[in-house]
Amino acid sequence: MKSNEALFQRAQKVIPGGVNSPVRAFRAVGGTPRFIARAEGAYMYDAEGQRYIDYIGSWGPMILGHGHPAVLEAVQKAALDGFSFGAPTEREVELAEEILKLVPSMEQVRMVSSGTEAAMSALRLARGATGRNKFIKFEGCYHGHADALLVKAGSGLATFGNPTSAGVPDEVVKHTVVLEYNNLAQLEEAFSLHGREMACVMVEPICGNMNFVRASVPFMTRLRELCTQHGSLLVFDEVMTGFRVALGGAQSLFAQQIPGFAPDVSVFGKVIGGGMPLAAFGGKRAVMEQLAPLGGVYQAGTLSGNPVATACGLATLREIQKPDYFDALSVRTQSLVSGLVGAAQDAGVPLVGDSEGGMFGFFFADKLPQNQAAVMATDKERFNRFFHGMLDHGVYLAPALYEAGFVSSAHSAADIAATVNASKKSFAALS
Ligand SMILES: *Cc1c(COP(=O)(O)O)cnc(C)c1O
């Protein structure tokens with residue numbers, strides 16, 4: 001049998017850092033990443049045959065758990081008909097119809113292969129449609145790794161940001177305004193300074209890239225008003241929250257609390273492909289028709305709307321529409337979070353948690369953080385020790401404190417109970 005350590009050594013010779021996406025390398029928590037051999041339902045098995053209850057779910061897509069029979073069947077059938085044609089298919093139309101039915105703020109949708117591509121294209125579309133260059137993003141929100149979106153906050157209030165990555169010229173991010181999440185004063189100031197030049201505001205409505213932080217209702221209400229007032233598009237990056245926190249995404253939750261609420265453009269990924277490379281962005285017809293071949297905003301992809309990926313996404317979206325699906329998933333996720341918080345309390349360890357649908361977060365802190373600075377001020381050393389404690393007990397949590405967790409419908413009440421039990425031992429080791 002191959003060991004994780006031996007595979008990691010071998011991987012590091014031929015792949016930078018041994019991984020094809022940085023967080024997989026366990027750099028934040030230390031130790032050796034697990035090399036996964038296979039997965040089934042709520043479980044992943046590593047190269048050493050060790051079983052883990054999986055709370056990453058490929059960082060969100062696996063909402064049905066791994067290898068759901070209906071999805072497997074759809075994918076196998078689609079693969080027999082051909083992998084890729086570079087020509088339109090009926091299935092893309094079916095998937096588009098399905099998505100639009102679930103997300104009423106959109107009248108048209110364009111499919112791509114990754115969340116990065118979808119967010120990047122949505123930004124280009126917003127700029128093309130408004131004829132403006134500047135846009136706002138929030139510190140701690142991740143919108144994929146397109147150059148203009150890889151920006152951290154500048155030093156002053158409502159100033160332009162600095163690149164977070166080498167290889168991104170200052171010129172490329174000079175139109176990116178980075179503000180603190182949930183900070184109304186900064187939002188007001190940015191719009192009063194630059195409102196007329198602002199193409200869009202891109203936001204994770206529940207931010208899963210700083211663990212789990214909700215945009216407050218007053219913040220979202222004002223954000224919508226300011227965008228409308230200044231002719232800027234409100235772009236919801238629902239790559240993580242879409243079809244995950246609720247069937248209609250986070251926008252459906254804000255629409256319940258803010259009368260008439262809807263974003264102008266929405267970006268999807270992760271669950272939409274059910275584990276295959278598929279993502280999408282969409283909005284009102286007038287905006288979407290700015291895209292090539294109808295309009296002047298260019299956007300394309302060799303594998304876009306891939307027939308096997310669309311089959312996987314379609315089968316996934318059909319499963320999550322079954323009666324009571326989200327209610328049951330929410331209850332299960334809530335039981336995990338309350339179990340963890342209770343176990344921590346019993347061990348005298350300060351812990352807070354939150355969840356929506358099948359997405360959750362927890363923090364070693366006294367209260368839920370509202371922005372990235374507060375997330376980063378939570379107890380990292382405790383998180384890292386807890387992470388390894390849980391891993392040793394066969395529970396696979398996200399290997400960094402600024403990542404969200406995911407529960408699938410394959411997680412049973414017994415899986416949650418086993419996880420909470422493991423947490424009791426891990427919390428005890430912390431206090
Ligand atoms: C994962 C994620 C992305 C990027 O998607 P990829 O498929 O990894 O390129 C963009 N936005 C959000 C909110 C995400 O969570």
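The values are calculated or read from the model by the stated rules, or taken from the named source; none is laboratory data. Predicted, not measured: the structure shown is a model, and the values here were computed from it. Ideal geometry is used to build each Cβ from the backbone, glycine not excepted, and the neighbour counts take in all protein chains shown. With ligands, DNA and RNA removed, areas are computed over all heavy atoms of the protein, side chains included. Shrake-Rupley method; radii C 1.70, N 1.55, O 1.52, S 1.80 Å.
When Tyr55 is tested against (1) closer than 30 Å to Phe160 by Cα; (2) open to solvent by less than 40 Å² (accessible area, probe 1.4 Å); (3) within 16 Å of the ligand (Cβ to nearest atom), only condition (1) is not met. Considering the range 129-143, the residues that are assigned to a loop (DSSP other than H, G, I, E, B) and not aromatic (Phe, Trp, Tyr) include one that is nearest to the ligand (Cβ to nearest atom), namely His143.
Put simply, of Ala404, Ala365, Ala377, Ala410 the only residue that is touching a residue at least 40 places away in the same chain (Cβ under 8 Å) and either more than 16 Å from the chain's Cα centre (by Cα) or assigned by TED's automatic domain parsing to the domain that holds Phe138 (or both) is Ala410. Of all residues being among the hydroxyl-bearing types (Ser, Thr, Tyr) and within 20 Å of Gly67 (Cβ to Cβ) in the range 404-431, which is most open to solvent (accessible area, probe 1.4 Å)? Just the residue, please. Only one residue tops the list, namely Ser409. So which of Ala153, Ala146, Ala126 ends up being away from the ligand (no atom under 16 Å from the Cβ) and hydrophobic (A, V, I, L, M, F, W, C)? Of the residues listed, the single one that is away from the ligand (no atom under 16 Å from the Cβ) and hydrophobic (A, V, I, L, M, F, W, C) is Ala153.
Results for (1) under 24 Å from the mean Cα position of the chain (by Cα); (2) in a strand (DSSP E or B); (3) of a type outside the set (A, V, I, L, M), shown as yes or no for each residue.
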residue	(1), (2), (3)
Val178	yes, yes, no
Ala190	no, no, no
Leu193	no, no, no
Pro218	yes, no, yes
Phe236	yes, yes, yes
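Of all residues in the range 273-302, those that are surrounded by fewer than 17 Cβ atoms within 10 Å (Cβ to Cβ) and either acidic (Asp, Glu) or within 16 Å of the ligand (Cβ to nearest atom) (or both) total 2. When Gly260 is tested against the conditions (1) buried (at least 23 other Cβ atoms within 10 Å of the Cβ); (2) part of a loop (DSSP other than H, G, I, E, B), the lone failure is (1).
Scanning the range 58-87 for residues that are surrounded by 12 or more Cβ atoms within 10 Å (Cβ to Cβ) and among the aliphatic types (A, V, I, L, M) yields Met62, Ile63, Leu64, Ala70, Val71, Leu72, Ala74, Val75, Ala78, Ala79.
Number of residues in the range 30-52 that are in a loop (DSSP other than H, G, I, E, B) and open to solvent by less than 40 Å² (accessible area, probe 1.4 Å): the value is 5. Scanning the range 325-350 for residues that are among the β-branched types (Val, Ile, Thr), touching a strand residue (DSSP E or B) at 6+ places or on another chain (Cβ under 9 Å) and either outside any helix (DSSP H, G or I) or over 14 Å from Asp415 (Cα atoms) (or both) yields one hit, Val341.
The set of residues from the range 239-272 being of a type in the set (Ser, Thr, Tyr) and either in contact with a Lys or Arg (Cβ under 7 Å, 6 or more places away or on another chain) or away from the ligand (no atom under 16 Å from the Cβ) (or both) comprises just one member, Ser252.
Against the conditions (1) over 19 Å from the mean Cα position of the chain (by Cα); (2) within 16 Å of the ligand (Cβ to nearest atom), His68 satisfies every one except (2).
I need the full set of residues from the range 89-123 which are open to solvent by 50 Å² or more (accessible area, probe 1.4 Å), assigned to a helix (DSSP H, G or I) and away from the ligand (no atom under 13 Å from the Cβ), in order please. Result: Glu90, Arg91, Val93, Glu94, Glu97, Lys101.
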